[in-house]
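The values are calculated or read from the model by the stated rules, or taken from the named source; none is laboratory data. This structure is a prediction, so every number in the text was calculated from the model and none was measured. Note that each Cβ is placed from the backbone with ideal geometry, even for glycine, and that neighbours are counted across all protein chains shown. Just the protein is used for accessible areas: all its heavy atoms, side chains included, with ligands, DNA and RNA removed. Shrake-Rupley method; radii C 1.70, N 1.55, O 1.52, S 1.80 Å.
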Amino acid sequence: MGSEGDIGVNARKPRVLCLHGFRTSAEILKKQIHKWPESLLQKMDLVFADAPFPCQGKSDVEGIFDPPYYEWFQFNKEFTEYTNFDECLKYIEDFMIEHGPFDGLLGFSQGAILSGGLPGLQEKGVALNKVSKVKFLIIIGGAKFRAPSVAEKAYASPISCPSLHFLGETDFLRPYGAELLESCVEPVVIKHPKGHTIPRIDDDSLKTVTSFIERVQKLCEDQK
C-alpha cells in the first residue's frame with residue numbers, strides 16, 4: 001500500500017516517507033501536499049504510505065475526501081494507551097525496507113506524532129533497527145506521544161536531527177505541538193493562521209521551507 005509522488009527518483013533529492021493523518025490515506029495526504037509550490041516539491045522525492053489498519057470508525061474527512069481511510073494505531077480516550085502500536089512500527093519499518101532507503105519523514109496529525117517520536121525510538125533500539133537513521137523531520141499539526149511507556153523512550157534524549165514544524169493558530173493540537181518543540185534541538189517553526197490542516201505555503205514560509213530542504217539536502221549528500 002502506498003504511492004510514489006510524481007517526482008522521479010533522483011539521488012540528489014532527499015527521499016521522504018510521508019505519513020498521513022488518522023483515518024485518512026496516502027492519496028489524501030498526497031493531494032494536500034501537492035498544493036505546495038512546484039519549486040518546493042521538485043526538491044524532494046516524496047513517497048506516501050497508507051497506514052496498516054482500515055478505519056475503525058467515522059473519519060473527519062468523510063464528505064471532503066473519498067475513502068478508503070486508514071489509521072496507524074488505536075488509542076483510549078485519554079490517548080495514554082495504544083493498541084497495535086508494535087505492529088504499526090514493524091509495518092513502517094517493512095515499508096521503508098521495501099521502498100527505501102529514506103532520508104527523512106513528513107507527517108500530519110497522527111502521522112506527525114509518529115514521525116516526531118520515531119528518531120528517539122530508533123535511537124533506543126525500539127523501532128526502525130533495520131533501516132538507516134532518520135536524518136530530518138517535517139511535522140505538520142504534530143504532538144508528543146501520550147502513552148508513558150512509549151514517551152519515556154521516544155523523548156529520553158533531545159531530538160537532534162533537523163526538524164521543521166508547522167503550527168496552526170487555531171489547531172487543537174497547537175499546545176501539544178509546542179511541547180514537541182521543547183524536545184527538539186533548534187527546530188525551525190512556521191506559524192499559520194489555520195487550524196488542524198496542511199497549510200498552503202505563502203511567500204514568506206516558502207523561503208523558510210526551501211532553506212530547510214536545501215540544508216537537509218546537503219546533510220544527506222554529506223552522509224552518503
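Would you mind stating whether residue 59 is open to solvent by less than 10 Å² (accessible area, probe 1.4 Å) and modelled with pLDDT of 95 or more?
Criteria not met by residue 59.
Return yes when residue 130 is open to solvent by 10 Å² or more (accessible area, probe 1.4 Å), assigned to a loop (DSSP other than H, G, I, E, B), touching a helix residue (DSSP H, G or I) at 6+ places or on another chain (Cβ under 9 Å) and under 30 Å from residue 204 (Cα atoms) and no when it is not. Criteria not met by residue 130. Here is a check on your reading of the model: is residue 156 open to solvent by less than 80 Å² (accessible area, probe 1.4 Å), part of a helix (DSSP H, G or I) and of a type outside the set (S, T, N, Q)? The answer is no for residue 156. Considering the range 163-193, and only residues there that are of a type in the set (Gly, Ala, Ser) and outside any loop (DSSP other than H, G, I, E, B), the residue that is nearest to residue 105 (Cα to Cα) turns out to be 163. When you look at residue 53, is it at pLDDT 95 or above, out of contact with any helix residue (DSSP H, G or I) (no Cβ under 6 Å at 6 or more places or on another chain) and either more than 15 Å from residue 107 (Cβ to Cβ) or open to solvent by 10 Å² or more (accessible area, probe 1.4 Å) (or both), yes or no? Answer is yes for this residue.
Within the bounds of the range 162-172, is there any residue that is modelled with pLDDT of 95 or more, among the charged types (D, E, K, R) and surrounded by fewer than 14 Cβ atoms within 10 Å (Cβ to Cβ)? No, the range 162-172 contains no residue that is modelled with pLDDT of 95 or more, among the charged types (D, E, K, R) and surrounded by fewer than 14 Cβ atoms within 10 Å (Cβ to Cβ). Checked across the range 109-118, the condition of being of a type outside the set (Asp, Glu) and either surrounded by fewer than 22 Cβ atoms within 10 Å (Cβ to Cβ) or touching an Asp or Glu at 6+ places or on another chain (Cβ under 8 Å) (or both) holds for at least one residue. Among the residues of the range 24-82, those that are assigned to a loop (DSSP other than H, G, I, E, B) and among the small types (Gly, Ala, Ser) comprise 25, 51, 57, 59, 63.
Taking the criterion of being outside any loop (DSSP other than H, G, I, E, B) and in contact (Cβ under 8 Å) with a residue 24 or more places away in the chain, the residues of the range 209-224 that qualify are 209, 210, 212, 213, 214, 215, 216, 217, 219, 220, 221.
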